[in-house]
Amino acid sequence: MSAASAAVRIDEATPGSVRVSGELTFGNAAAALAAIGVAVGRDGRSVLDLSGITRSDSAGLACVLAVLAQSAERGRKLSVQNMPEGMHLLASVCEVEGLMV
């Protein structure tokens, strides 16, 4: 798999929202965390829309949780919307789904 196909895409076109699409996995979680963190830190973004995530694993879940923690450290509430079913199930098994409200 090429690096380009493994990259997540960030869409900031909707005011107040950051939409993430692509795969969010071990292979790109560190880079994705940096990119998503920058995007949600701009312009009072309050929604992280995961509707475009096509595949994720535990590193993807950890990435989303880290973005939420970064936002909280900045005193900003960030809500997660459209979490993929697989990520939701993993969050439930890990008992962290309450953190992703």
Percent accessible area from carbon and sulfur atoms, the chain, protein chains only, probe 1.4 Å: 57
By average C-beta atoms within 10 angstrom, highest first, the peptides 75-87, 11-23: 11-23, 75-87
Charge context of Leu89, other residues only, Cβ under 15 angstrom, K/R +1, D/E -1: -3
Cβ crowding within 10 Å averaged over residues, with 27-33, 53-59 ranked highest first: 27-33, 53-59
Charge dipole (the chain, unit charges on Cβ, about Cα centre) - positive-most of Val40, Ile53, Gly98: Val40
Rh by Kirkwood over Cα pairs, then Stokes-Einstein D for the chain at 0.890 mPa s and 25 °C, µm²/s: 185
Å² of accessible area per residue within the chain, as computed with a 1.4 Å probe and no ligands counted: 53
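So if I place +1 on the C-beta of Lys and Arg and -1 on the C-beta of Asp and Glu, and nothing else carries charge, what would the dipole magnitude of the chain be about its Cα centre? I want it in debye, nearest 20.
300
The values are calculated or read from the model by the stated rules, or taken from the named source; none is laboratory data. This one's a predicted model, so the numbers in the text were calculated from it and none came from an experiment. All Cβ positions, even for glycine, are placed from backbone atoms using ideal geometry, and neighbour counts span all protein chains on display. The protein model used for the area step is the full one, side chains on, heavy atoms only, and it has no ligands, DNA or RNA in it. Shrake-Rupley method; radii C 1.70, N 1.55, O 1.52, S 1.80 Å.
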